[in-house]
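A short write-up of the structure that comes next.
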């Protein structure tokens with residue numbers, strides 16, 4: 001199975017759930033899809049090696065051949081090309097690398113070059129779990145392209161855990177769009193409840209089966225549980241607001257490695 005761990009907001013505990021779930025299983029892959037700020041390896045401590053560079057084809061315009069017919073700029077849905085009276089302007093950060101402009105150009109004035117977006121890394125040697133992460137270049141905006149490149153390393157013979165980015169925008173869709181199941185992590189707070197509803201809307205629109213994990217359970221706000229009951233959403237696990245868990249997290253230690261019942265809780269969660 002491909003299981004994504006997502007949420008409507010940051011800081012709810014996606015990485016906590018992803019790591020502890022992966023460490024509770026055998027023969028599993030873990031993918032850190034939060035490519036703008038991957039942090040799973042802060043807890044795993046693996047030595048990493050580069051697997052590949054993620055590149056995007058971008059147009060190079062021969063202004064002498066170009067007759068400013070505007071077909072390229074009219075075609076580009078991302079406004080990466082703009083035709084003015086004397087030349088065609090190109091804005092690299094907006095280009096999604098579809099190549100349509102080069103195909104359409106009647107004067108063959110557009111060739112393609114390569115722009116680096118980021119890279120894919122993995123744990124050296126044999127690791128448990130088998131770990132991959134994407135890393136977006138600083139200042140780059142093409143997050144989804146790096147996530148899609150990362151997901152090409154999923155082995156369909158194994159269970160894959162995908163630690164998705166926060167929110168409900170394009171990088172999240174790129175991470176969870178084709179998974180078998182999505183675990184939405186929330187917390188018993190007003191912000192957690194508000195953003196959970198946004199995330200539920202996304203997975204329902206994508207028709208992905210899902211359930212809820214309530215992190216820091218016991219803060220006193222019951223709206224999340226009442227909402228799940230009213231909507232018929234399964235609550236898979238409640239991780240208590242436990243000082244011991246917080247202490248382990250602050251030291252970079254997944255709590256299933258230290259707390260006797262932690263691994264059993266995640267295995268029971270999976271059986272549901």
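Bear in mind that the values in this text are calculations on the coordinates, not laboratory data. This one's a predicted model, so the numbers in the text were calculated from it and none came from an experiment. Heads up, the Cβs are rebuilt from the backbone with ideal geometry, glycines too, and the neighbour counts pull from every protein chain shown.
Packing order of peptides 33-44, 87-98, highest average first: 33-44, 87-98 (average count of other Cβ atoms within 10 Å over each peptide's residues). When DSSP beta bridges are restricted to pairs lying wholly in the chain, around 45% turn out antiparallel.
How many angstrom lie between the Cα centre of segment 37-96 and the Cα centre of segment 127-145? With segment 37-96 and segment 127-145 each reduced to a Cα centre, they are spaced 18 Å. In plain terms, the chain from residue 204 to residue 244 could stretch by 10.9 nm, reckoned as 0.36 nm per residue minus the Cα-Cα distance. Taking square-rooted eigenvalues a ≥ b ≥ c of the alpha carbon gyration tensor, is the chain rounded, prolate or oblate, where a/c under 1.5 means rounded and, failing that, a/b exceeding b/c means prolate? It comes out prolate by the Cα gyration axes. Does segment 6-48 classify as rounded, prolate or oblate by the C-alpha gyration tensor (a ≥ b ≥ c root eigenvalues; a/c under 1.5 gives rounded; else a/b over b/c gives prolate, otherwise oblate)? The shape class here is oblate. Computed from label points 7 Å out along Cα-Cβ, the spacing between residue 48 and residue 221 is 3.2 nm. Only Cα pairs under 8 Å and 6+ residues apart enter the sum, and on that basis the relative contact order of segment 56-116 stands at 49 percent. Please check which bits of segment 108-133 a label hung off residue 257 would reach, taking the label as a point 7 Å along Cα-to-C-beta and the cut-off as backbone N under 19 Å. Answer for segment 108-133: 122-133. Annotation: peptides 161-167, 179-185, ranked by per-residue average of other Cβ atoms within 10 Å with the highest first, follow the order 161-167, 179-185. Here residue 127 and residue 37 are evaluated by their C-beta separation; at R0 = 22 Å the FRET efficiency comes out at 0.55.
Relative contact order for segment 151-223: 32 percent, from Cα pairs under 8 Å spaced at least 6 residues apart, divided by residue count. Take every Cα pair under 8 Å whose residues are at least 6 apart in sequence, average their separation, divide by the length of the chain, and the relative contact order is 28 percent.
For helix 190-205, report the angle its Cα long axis makes with the longest principal axis of the Cα atoms of the chain; keep it between 0 and 90° and round to the nearest 10°. The answer is roughly 60 degrees. Taking the C-alpha atoms only, the angle from helix 262-271 to the longest principal axis of the chain is near 70 degrees. Remark: spin-label model distance residue 116-residue 181 equals 4.0 nm, labels positioned 7 Å along the Cα→Cβ axis.
Distance between the modelled labels on residue 148 and residue 77, one decimal in nanometres: 1.1 nm (7 Å Cα→Cβ projection). Given their separation in residues at 0.36 nm each and the Cα-Cα distance between them, residue 60 and residue 87 gain 8.5 nm when the chain is fully extended.
Mean residue ellipticity at 222 nm, helices only, the chain: -8500 deg cm²/dmol; runs of at least 4 DSSP H residues each add -39,500 (n - 2.57), and the sum is divided by the number of residues.
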